[in-house]
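Structure record follows, encoded as structure tokens.
The values are calculated or read from the model by the stated rules, or taken from the named source; none is laboratory data. Note that this is a predicted model, so its numbers are computed, not measured. Don't worry about glycine lacking a Cβ; one is built from the backbone with ideal geometry, like all the others, and counts go over all protein chains shown.
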Amino acid sequence: MRPADAVDFALASLRQRRLRTFLTASGVMIGIGALVSMISFGKGLQKNVTRAFEASDLFTTVTVLPGGAEKPGGDPDGKPRAKAPGRADALLDDAAVAALARLPGVAMAYPDVSFPALVGLGDRREFRLVQVVPAAAVNSSALRIRWGRAYGSDDENGVVVNRTVLRQLGETEPAAAVGRTIRITTVSIDLARLATLNLASIFSGASSPVSQETAEFPIVGVTEVMAFGGEGGLAESAVMIPPGPAGRIKRLPFSSVWDLFRIRDGRIGYSAATVRLASLRDLDRVRSKVQDLGFGTFALADQLEEVTRAFRFMDMALAAVGMIAIVVAALGIVNTMIMSILERYREIGVMKAVGASDGDIKRIFFFESGAIGLAGGAAGCVLGWATSLLINRLIDLYLSRQGMPHVAYFSFPAWIFLGAVAFAVLVSLASGIYPARRAARVDPVVALRHD
Amino acid sequence: MTDAPLVRVRALARTYVIGGVPVAALAGVDLDVAAGSFTAVTGASGSGKSTLLNLLGGLDTPSAGTIEVDGALVSGLDREALARYRRSVVGMIFQSFNLVPSRTALENVELPLVFAGVDKKERKRRAAEFLDRVGLGGRTGHRPAELSGGEQQRVAVARALINGPRILLADEPTGNLDSRTAREIVGLLDGLNRERRLTVVMVSHEESLVREFARRIVRLRDGRIVDGGDAA
């Protein structure tokens, strides 16, 4: 028997039992649809996160940590833990940051400075950490300033804010926010007055050494909020200010009591510094140089392997869910094929009587289950794709109301579809093995007597 | 008979085990069938007629004894070789016609050619020719349900002949037909036998037809030949 004829016979038989073929193929379709959307969701997530990280230069960023004991994990502005802690006496001051900037392979180094402040716009006020960021970092590609511009120099009197904080401050139009004035209110302590007071009078509020000071800055730029937190820490603080004006704001010289434990020879130093690499290739070299200076380092690139492993695990978990549907579909195929054998018992006998070999019969049934898999698999791809688009649309609809940009949560590389169809056919063929063998073993004498 | 017979059956036995009890359907049959003969096998129900025919047709395998066709041993062939034998050496027709109901007359007739791997166009051409030969040239597109019993059996005859078999085996071919149609069908087999020297072995218990057309009558009782056999 020619393979083309076996296919013809298989299709003719499927056509004859249209409803059952449709229902069985639907089982495969749903299984493959679930698998396709699950895997494409996993891939989409991975792609989005990786892309966001790459766009934000997070992989080329090394966080430099001063020596000594690490802060507890519960610290509100907790820095990541260094892989190798630095020397206890290493002080991260301006001289150290300058030394970091001079290391070969380092594009830029600046201290991580932030301070708590009450940020006000119009009649609304919010507590925020204001981050001091040099102009060079704000101008880097990591930050997506969609409205307005970055401040041009470290001394410019202007701030860059993100869209989320604007909304919280009551401004829903980022474009309209550019040029408006933002108020930054900080707290400082008059040390001279503190010395002459006792605790009771401080807390009673009488002649408190604590004073508030408000400075005003025009908003020069607004950053887009990226999904998956792709701003990479820079814009998390929501308000960025250049070092120049930041230095003129009266404020406490520390943002957390933990910082006070780092005092060496009366100097606090910075709690961390950011080093931008010229290229990811320089990572190891720069890191070992930084460690030679006595500092601890943390690089997200180190975590990449763990992240990749986590994604692989998630892919497997998602695929496992899809597999349940596939197993159910496979059982459906086995059931359908066995039913088909019972119904066509006599026909199988006739085919054998006129010269069909066991192999011919096997092939016909095998192609039948394969065809169910092919049709179900192809339809499953369409179903999975359409469902994913629909879900994406609904999520977008919801998120767009919160001002979030459109994100493709599902990723459909061609291999997903090809793989899904191939997998469906493979599963169907496997499901057809037992029924095909059973059909091939039919005794023609018994079958021809069968009614 | 000086020529070597086309079919040579020796000590043929077929035992079925039914409910753990062995039942001998054939218990030692010796039979020679000459090329170009028209042999009728008769006997009561359960005498072993159909078992003998199924063994000759390669649908069943014997428990003991040998079958030789055209000098080649058929008994003992493996499943694959038996399938080849069925599609090239023998043609069979049955009491209940055994046509595939979902296929047209033409498609039923071409079925053996499909398993022989013949090209589609050639298949169609030959099937139409054979249908024409059995007088159904105008009914190629009809399905079995749209044909009368006699027409269905004619389709079955065309199907049995399309591969050019050496022997035509007919298992109660008239059992489901009225007497007039039955005569027509056996007459068709008789014509093929006379004009084309086709060897026919027909199982039937319709004495009148058997006596009218068969040149030789073999009687079976309880799995043994009681009349018309070839005692070794």
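Among the residues of segment B:133-173, write down those that are within 28 Å of B:Asp70 (Cα to Cα), out of contact with any Gly (no Cβ under 8 Å at 6 or more places or on another chain) and of a type in the set (S, T, N, Q).
B:Gln153
Scan (1) under 30 Å from A:His450 (Cβ atoms); (2) surrounded by fewer than 23 Cβ atoms within 10 Å (Cβ to Cβ) for the single condition A:Val321 breaks and write down its number.
Tallying (1) under 30 Å from A:His450 (Cβ atoms); (2) surrounded by fewer than 23 Cβ atoms within 10 Å (Cβ to Cβ), A:Val321 fails exactly one: (1).
Can you find a residue in segment B:64-75 that is assigned to a loop (DSSP other than H, G, I, E, B) and on the phi > 0 side of the Ramachandran plot?
Checking segment B:64-75: at least one residue is assigned to a loop (DSSP other than H, G, I, E, B) and on the phi > 0 side of the Ramachandran plot.
Being modelled with pLDDT under 85, under 31 Å from the mean Cα position of the chain (by Cα), buried (at least 16 other Cβ atoms within 10 Å of the Cβ) and not basic (Lys, Arg): is that true of A:Glu171 here?
No, not satisfied.
Here are some residues: B:Leu99, B:Leu59, B:Leu55. Which one is under 15 Å from the mean Cα position of the chain (by Cα), within 14 Å of chain A (Cβ to nearest Cβ) and free of Cβ contacts under 8 Å to residues at least 40 places away in the same chain? Before you say what the answer is, go through the steps one by one.
Details: B:Leu99 fails: free of Cβ contacts under 8 Å to residues at least 40 places away in the same chain; B:Leu55 fails: free of Cβ contacts under 8 Å to residues at least 40 places away in the same chain.
Just a single option satisfies the conditions, and that option is B:Leu59.
Tally the residues that are modelled with pLDDT of 75 or more and assigned to a loop (DSSP other than H, G, I, E, B), restricting the search to segment A:217-260.
Going through segment A:217-260 one residue at a time, the tally reaches 7.
Inspect all residues belonging to segment B:177-194 and state whether any of them is at pLDDT below 90 and part of a loop (DSSP other than H, G, I, E, B).
Within segment B:177-194, none of the residues are at pLDDT below 90 and part of a loop (DSSP other than H, G, I, E, B).
How about segment B:16-52: which of its residues are more than 14 Å from chain A (Cβ to nearest Cβ) and of a type outside the set (Gly, Ala, Ser)?
B:Val21, B:Pro22, B:Val23, B:Val29, B:Asp30, B:Leu31, B:Asp32, B:Val33, B:Phe38, B:Thr39, B:Val41, B:Thr42
Conditions (1) closer than 15 Å to A:Ile249 by Cβ; (2) modelled with pLDDT of 85 or more; (3) part of a helix (DSSP H, G or I), marked per residue:
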site	(1), (2), (3)
A:Ala142	no, no, no
A:Ser153	no, yes, no
A:Asn157	yes, yes, no
A:Val161	no, yes, no
A:Leu166	no, yes, yes
A:Ala175	no, yes, yes
A:Gly179	no, yes, no
A:Ile182	yes, yes, no
A:Ser188	yes, no, no
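Just to be sure, is A:Ala408 within 14 Å of another protein chain (Cβ to nearest Cβ) and either modelled with pLDDT under 90 or closer than 23 Å to A:Leu23 by Cα (or both)?
No; evaluated as a whole, the condition is false for this residue.
Out of the residues in segment B:8-32 meeting the condition of being farther than 18 Å from B:Gly223 by Cβ and not acidic (Asp, Glu), tell me which one is modelled with the highest pLDDT.
Per the criteria, the residue is B:Arg8.
Looking at A:Val290, A:Val307, A:Val257, which is the one that is out of contact with any Pro (no Cβ under 6 Å at 6 or more places or on another chain) and crowded, with 19+ Cβ neighbours inside 10 Å?
The unique qualifying residue is A:Val290.
Can you report the number of residues in segment B:6-43 which are out of contact with any Leu (no Cβ under 9 Å at 6 or more places or on another chain) and within 21 Å of B:Asp70 (Cα to Cα)?
Here the count works out to 2.
Taking B:Ser50 as meeting all but one of (1) touching a residue at least 24 places away in the same chain (Cβ under 8 Å); (2) surrounded by fewer than 17 Cβ atoms within 10 Å (Cβ to Cβ), write down the number of the exception.
(2)
Restricting to segment B:96-122, give me the number of residues that are of a type outside the set (Phe, Trp, Tyr), part of a helix (DSSP H, G or I) and surrounded by 22 or more Cβ atoms within 10 Å (Cβ to Cβ).
Kept after step one, since they are of a type outside the set (Phe, Trp, Tyr), are these residues of segment B:96-122: B:96, B:98-114, B:116-122.
From what is left, the residues that are part of a helix (DSSP H, G or I) are B:105-114, B:120-122.
From what's left, surrounded by 22 or more Cβ atoms within 10 Å (Cβ to Cβ): B:105, B:108-114.
Qualifying residue count, segment B:96-122: 8.
Quick check: anything in segment A:358-380 within 37 Å of the chain's Cα centre (by Cα) and either within 14 Å of another protein chain (Cβ to nearest Cβ) or under 30 Å from B:Val109 (Cβ atoms) (or both)?
yes
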